[in-house]
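The values are calculated or read from the model by the stated rules, or taken from the named source; none is laboratory data. Given the structure is predicted, the values throughout are model-derived calculations rather than measurements. Glycine gets a Cβ as well: all are built from the backbone with ideal geometry, and neighbour counts include every protein chain shown.
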Amino acid sequence: MTIALSRIRKFGRSNAGSTAVEFAFAAPILFLLMFGIVEFGRAWWTKSSLQLAIERAARFAVVCAAGAPCASEAAIEAYAATQMTAAVASSTFKFTPSGAGEWCVSYSYPYTPWFVGDYGPLTGVLTFTGSTCRAG
């Protein structure tokens, strides 16, 4: 009985494995912070790329002469899609000429974080929208 009790005391005083236990507590928080920073940067980059694409498309619409083949809605929306560094459908962009000589291009893009994948409830939880207009 005394031998068993001394072994239990010796086990309770041992420091072996304490580092692994501390890492197990800290690692999820560190990984969550790291992936959060990466995902925030990716979302910011996507939003900036979309905004740049519509600004270029609005300028393209103004530079093209009215009535020219390059001034059609489909051509301007396709041009905006080609300005993206990532593959984005041209249906993401919407061209609307106003009667006051302004050419407006807008976008609506459902953004899904990469770690969500095809998980239903979180798919497309964020929708980026924006618009820009240029006077012609």
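Per the conditions (1) among the β-branched types (Val, Ile, Thr); (2) in contact with a strand residue (DSSP E or B) (Cβ under 6 Å, 6 or more places away or on another chain); (3) surrounded by fewer than 10 Cβ atoms within 10 Å (Cβ to Cβ), the sole criterion not satisfied by Thr19 is (2).
Taking segment 52-76 as the range and being among the small types (Gly, Ala, Ser) and modelled with pLDDT of 80 or more as the test, the residues that pass are Ala53, Ala57, Ala58, Ala61, Ser72, Ala74, Ala75. Considering only segment 33-41, I want to know if a residue exists there that is surrounded by 10 or more Cβ atoms within 10 Å (Cβ to Cβ) and either hydroxyl-bearing (Ser, Thr, Tyr) or closer than 30 Å to Cys133 by Cβ (or both). Yes, segment 33-41 contains at least one residue that is surrounded by 10 or more Cβ atoms within 10 Å (Cβ to Cβ) and either hydroxyl-bearing (Ser, Thr, Tyr) or closer than 30 Å to Cys133 by Cβ (or both).
Here segment 126-136 is the region considered, the condition is being over 22 Å from Thr46 (Cβ atoms) and of a type in the set (Gly, Ala, Ser), and the residue that is modelled with the highest pLDDT is Ala135. Among the residues of segment 110-125, are any at pLDDT 90 or above and either in a loop (DSSP other than H, G, I, E, B) or under 16 Å from Thr46 (Cα atoms) (or both)? Among the residues of segment 110-125, not one is at pLDDT 90 or above and either in a loop (DSSP other than H, G, I, E, B) or under 16 Å from Thr46 (Cα atoms) (or both), which makes the answer no. For the criterion of being under 26 Å from Ala135 (Cβ atoms) and either of a type outside the set (A, V, I, L, M, F, W, C) or at pLDDT below 85 (or both), Gly99 passes.
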